[in-house]
Amino acid sequence: MNTIIELHDSTVAGISELDGTVVVYFQPALLHKSEGRPGYDSGTCWGQDARLVFADASVSGVFPDLA
């Protein structure tokens, strides 16, 4: 099975940065699982909390209040 996060239906709950690691928190993330190509082929969708972690990252600019 292949799984993706469908960003267009996910909710970003926060973004943090510490020592070059940036984490994007989703509450919830919409996940699509498919035997083929998730996001294109039929499969199942559900929501669950998730985080996307970027190593060796940097942040620039100001983030809006997401609360």
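The values are calculated or read from the model by the stated rules, or taken from the named source; none is laboratory data. As the structure is a computational prediction, the values presented were derived from the model and not from experiment. Methodologically, a virtual Cβ is constructed for each residue, glycine included, from the backbone with ideal geometry; neighbour enumeration extends over all protein chains shown.
One line per residue, one yes/no per condition, for (1) polar (S, T, N, Q); (2) out of contact with any helix residue (DSSP H, G or I) (no Cβ under 6 Å at 6 or more places or on another chain); (3) surrounded by 12 or more Cβ atoms within 10 Å (Cβ to Cβ); (4) touching a residue at least 24 places away in the same chain (Cβ under 8 Å):
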{"residue": "Val23", "(1), (2), (3), (4)": "no, yes, yes, yes"}
{"residue": "Gln27", "(1), (2), (3), (4)": "yes, yes, yes, no"}
{"residue": "Gly36", "(1), (2), (3), (4)": "no, yes, no, yes"}
{"residue": "Gly39", "(1), (2), (3), (4)": "no, yes, yes, yes"}
{"residue": "Ser42", "(1), (2), (3), (4)": "yes, yes, no, no"}
{"residue": "Asp56", "(1), (2), (3), (4)": "no, yes, no, yes"}
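Evaluate region 7-15: report whether one residue or more is exposed (fewer than 12 other Cβ atoms within 10 Å of the Cβ) and aliphatic (A, V, I, L, M).
So in region 7-15, the residues exposed (fewer than 12 other Cβ atoms within 10 Å of the Cβ) come out as 8.
Now restrict to residues that are aliphatic (A, V, I, L, M): none.
No: zero hits.
Give the residues of region 38-56 that are in a loop (DSSP other than H, G, I, E, B), within 17 Å of the chain's Cα centre (by Cα) and modelled with pLDDT of 85 or more, sorted by residue number. Steps first, answer last, please.
Looking only at region 38-56, we keep the residues that are in a loop (DSSP other than H, G, I, E, B), and these are 38-43, 55-56.
Retained after the next criterion (residues that are within 17 Å of the chain's Cα centre (by Cα)): 38-39, 55.
The answer is Pro38, Ala55.
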